[in-house]
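The values are calculated or read from the model by the stated rules, or taken from the named source; none is laboratory data. These figures come from a predicted structure and were not determined experimentally. Glycine gets a Cβ as well: all are built from the backbone with ideal geometry, and neighbour counts include every protein chain shown.
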Amino acid sequence: MLDRSSLSYRLNVGAVLFGPDGRVWVGRRAGVADAAWQLPQGGVDDGEDPRVAVLRELEEEIGTAKVEILAEHPEWLQYELPDAFIRKSWRGRFRGQRQKWFALRFLGTDADFVLDADAHPEFDAWKWVDIAELPELAVSFKREIYEILARDFATYAKV
């Protein structure tokens, strides 16, 4: 039996990246069978400012940081990993993630996305979707966060 109470949350940032037409960028996880589509996200290094971290993560995961930050979600949002994922993710040290989310406007062109810029690509495909679609695309344990983001950042989807 897994003792969650002894585990902490991994600090993380996430990006809701809006394209010129108001749709949101989502990527399909690389190397995962039946992978869900998700928003770019990644860990915050010790002492790193979340605004710096989100730009770094975009550069690492999608190959570009040609963006402007529109807003920062006022709360840190968190989710719990299912037990099976705890054992596989981050060497079993975390029960889930505590995330600071940002709304960003993409300033480049689709050609700026380079999914294999990193030696271990996070995504193997990407697409633009309406923000209202986010919850249905998410894996079940992230769905509540995607519902919050779709509601709270909907105003940035207006072109």
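On the given criteria, is PRO74 modelled with pLDDT of 95 or more, farther than 21 Å from GLY22 by Cβ and more than 15 Å from the chain's Cα centre (by Cα)?
Values: modelled with pLDDT of 95 or more: yes; farther than 21 Å from GLY22 by Cβ: yes; more than 15 Å from the chain's Cα centre (by Cα): yes.
Yes, satisfied.
Does segment 109-118 include one or more residues that are modelled with pLDDT of 95 or more and either within 16 Å of the chain's Cα centre (by Cα) or basic (Lys, Arg) (or both)? Yes - at least one qualifying residue is present in segment 109-118. All conditions but one from (1) modelled with pLDDT of 95 or more; (2) outside any strand (DSSP E or B) apply to MET1; the one that does not is (1).
In the condition set (1) closer than 30 Å to SER8 by Cα; (2) loosely packed, with under 13 Cβ neighbours inside 10 Å; (3) at pLDDT 95 or above, ILE145 is compliant with all but (2).
Right, ILE86: of a type in the set (Val, Ile, Thr) and modelled with pLDDT under 95 or not? Talk me through it step by step, then tell me what you get.
Numbers: of a type in the set (Val, Ile, Thr): yes; modelled with pLDDT under 95: yes.
For ILE86, the condition - of a type in the set (Val, Ile, Thr) and modelled with pLDDT under 95 - is met.
Any chance you could count how many residues in segment 25-83 are under 14 Å from GLN99 (Cα atoms), touching a residue at least 24 places away in the same chain (Cβ under 8 Å), surrounded by fewer than 19 Cβ atoms within 10 Å (Cβ to Cβ) and of a type in the set (D, E, K, R)? Matching residues across segment 25-83 total 3.
Filter segment 14-38 down to the residues that are closer than 14 Å to GLU136 by Cα and outside any strand (DSSP E or B), then identify the one that is modelled with the highest pLDDT. It comes out as ALA36. Counting only strands (runs of 3 or more DSSP E) wholly contained in segment 56-159, the ones carrying 2 or more residues that are of a type in the set (Phe, Trp, Tyr) occupy 94-106, 123-129. In the set ALA150, ALA132, only one residue is closer than 19 Å to ILE69 by Cβ and out of contact with any strand residue (DSSP E or B) (no Cβ under 7 Å at 6 or more places or on another chain); that residue is ALA150. The set of residues in segment 84-119 that are within 20 Å of LEU58 (Cα to Cα), of a type in the set (Val, Ile, Thr) and surrounded by 12 or more Cβ atoms within 10 Å (Cβ to Cβ) contains only VAL114. Among residues of segment 120-142 being surrounded by 19 or more Cβ atoms within 10 Å (Cβ to Cβ) and of a type outside the set (Gly, Ala, Ser), the one that is farthest from the chain's Cα centre (by Cα) is ILE131.
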